[in-house]
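One structure is given below, encoded as structure tokens.
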Amino acid sequence: MKFGIIRERKNPPDRRVVFSPEKLSEFKKKFPTSVIKVENSPIRVFSDDAYLNRGFEVSSNISDCDVFIGVKEVPIEALIPNKKYFFFSHTIKKQPYNRKLLQAIIDKNIELYDHEVIVKDNGMRLIGFGRYAGIVGAYNGFRAIGLKKETFSLPKAEKLANKQELINQLNEIILPNIKILLTGNGKVAYGAKEILDGMNIKQVSVKAYLFDTFNEPVYCLVDVLDYNKRIDGQVINNRDFYNYPEKYESNFMRFASVTNFFIAGHFFGDGSPYLFNRIDAKSKEFKIQFVADISCDIDGPVASTIRSSTIADPIYGYDPVSEKEVSFKDDSAIVVMAVDNLPCELPKDASEGFGDLFLEHVIPSFFNNDKDGVLERAKMTENGKLTKRFSYLQEYLEEKE
């Protein structure tokens with residue numbers, strides 16, 4: 001089996017890679033019968049020489065490989081027919097902008113394995129960059145506070161080498177006695193929590209957060225049943241919420257009335273109540289001034305997120321009265337950070353972490369007859385058509401522009 005580590009071709013440039021040179025050496029050691037080639041790249045966070053020094057062939061032509069492993073979407077013109085590809089295709093939610101990509105994958109008889117659907121039998125994701133989105137998103141949120149209030153100045157995350165450098169910068173700033181709310185119970189939220197804990201910000205309970213005052217910054221980590229409640233008043237469990245989201249309504253305003261800085265690290269499922277809507281944001285009880293929306297669902301559960309932002313221009317303002325974008329410097333503005341590709345700002349750490357997971361959960365499946373079904377579940381296309389698991393995309397696939 002020949003594996004090819006492909007260069008990233010999407011713009012803006014993405015410096016991440018699935019395997020660092022060190023992790024690729026571990027791959028080869030664990031599976032010595034494998035053949036691994038690396039496509040040369042001028043932008044990758046690890047240099048071509050770093051792979052050459054580990055004994056890997058680096059070439060501009062890796063078309064003889066069987067399996068191609070990348071991060072972002074591969075441009076249609078770069079796809080090689082009759083091969084297996086791993087990358088984030090951004091098609092599983094029927095994204096219109098990638099319909100032509102999926103059509104081309106079908107036409108070229110490519111087996112596509114999307115990173116996003118590499119899951120356990122119970123549907124839980126096995127790999128992803130979520131932790132690093134959380135780390136960078138929390139940092140960027142604090143940076144936005146400094147820019148708005150002009151009380152401190154933090155460099156962009158992309159200028160720093162790793163998570164520890166982010167924490168070192170944050171530990172140089174002085175925060176007022178703000179209350180910070182963090183939503184979520186997955187890799188994104190716990191990545192953000194690493195930043196808060198690295199800053200030695202005190203974590204408090206829901207009750208203390210809602211009703212107590214503090215002479216220091218504090219944060220509260222909340223899950224779905226903290227900010228949603230059943231309409232009939234019953235208190236059951238998270239599984240009930242996931243199965244019957246229509247039976248719930250948002251209880252988020254009790255947090256919004258005491259929160260200064262909101263870090264959105266939750267996963268938002270179809271049919272779930274919005275956390276806060278545009279009417280809520282107009283309320284005199286609404287106290288949130290800063291939002292780091294790592295989840296970044298546009299015009300969705302976080303009303304102030306009306307568009308995604310970019311690494312180059314990460315912050316904008318939302319005026320709750322006009323419901324329009326304004327300068328984040330405006331007195332009326334809720335300051336919003338909604339970058340949708342946050343891990344790109346920490347490419348070395350993100351690549352190393354992703355490679356750990358990919359080697360643990362995916363690569364063994366090529367050598368054990370996929371005994372756990374990892375590849376079978378993640379396979380979106382085969383023999384020039386969608387697999388059964390992804391047949392729901394057929395109408396999307398056939399739609400015309």
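The values are calculated or read from the model by the stated rules, or taken from the named source; none is laboratory data. Just so we're clear, the structure is a prediction, and the values are computed from it rather than from any experiment. Neighbour counts are summed over all protein chains in view; Cβ atoms, including those assigned to glycine, are modelled from backbone coordinates with ideal geometry.
Can you pull out every residue in segment 254-279 that is outside any loop (DSSP other than H, G, I, E, B) and either surrounded by 19 or more Cβ atoms within 10 Å (Cβ to Cβ) or on the phi > 0 side of the Ramachandran plot (or both)? It would help to see each step written out before you state the result.
In the first step, residues of segment 254-279 are kept if they are outside any loop (DSSP other than H, G, I, E, B); the result is 254-256, 261-264, 276, 278-279.
Within segment 254-279, PHE255, ALA256, PHE261, PHE262, ILE263, ALA264, PHE276 meet the criteria.
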*Only one residue in ILE306, ILE315, ILE311 is buried (at least 19 other Cβ atoms within 10 Å of the Cβ), outside the structural domain of VAL35 (by TED's automatic domain parsing) and aliphatic (A, V, I, L, M). Which one?*
ILE315
_Exactly one condition in (1) under 30 Å from VAL67 (Cα atoms); (2) under 16 Å from the mean Cα position of the chain (by Cα); (3) at pLDDT 95 or above; (4) not hydrophobic (A, V, I, L, M, F, W, C) is false for GLY137; which is it?_
(1)
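On the given criteria, is GLY300 in contact with a Pro (Cβ under 6 Å, 6 or more places away or on another chain) and assigned to a loop (DSSP other than H, G, I, E, B)?
Here the answer is no, as GLY300 does not meet what is asked.
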*Does GLU352 qualify as being outside the structural domain of TYR219 (by TED's automatic domain parsing), outside any loop (DSSP other than H, G, I, E, B), more than 24 Å from ASP226 (Cα to Cα) and at pLDDT 95 or above?*
yes
*Return yes when ASP299 is of a type in the set (Asp, Glu), at pLDDT below 95, on the phi > 0 side of the Ramachandran plot and within 20 Å of the chain's Cα centre (by Cα) and no when it is not.*
yes
*Where in segment 1-83 are there strands (runs of 3 or more DSSP E), lying wholly inside it, with at least 1 residues that are surrounded by 21 or more Cβ atoms within 10 Å (Cβ to Cβ)?*
2-5, 35-39, 67-69
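Only one of these is in a helix (DSSP H, G or I), more than 24 Å from the chain's Cα centre (by Cα) and either crowded, with 16+ Cβ neighbours inside 10 Å or not hydroxyl-bearing (Ser, Thr, Tyr) (or both): LYS229, LYS193, LYS207. Name it.
Testing whether each residue is in a helix (DSSP H, G or I), more than 24 Å from the chain's Cα centre (by Cα) and either crowded, with 16+ Cβ neighbours inside 10 Å or not hydroxyl-bearing (Ser, Thr, Tyr) (or both) leaves just LYS207.
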*asked:* Given the criteria crowded, with 24+ Cβ neighbours inside 10 Å, out of contact with any Pro (no Cβ under 7 Å at 6 or more places or on another chain) and not in a loop (DSSP other than H, G, I, E, B), does GLY141 qualify?
replied: yes
*Go through segment 1-19 residue by residue and tally those that are touching a Cys at 6+ places or on another chain (Cβ under 8 Å), more than 25 Å from PRO32 (Cβ to Cβ) and of a type in the set (Lys, Arg).*
2
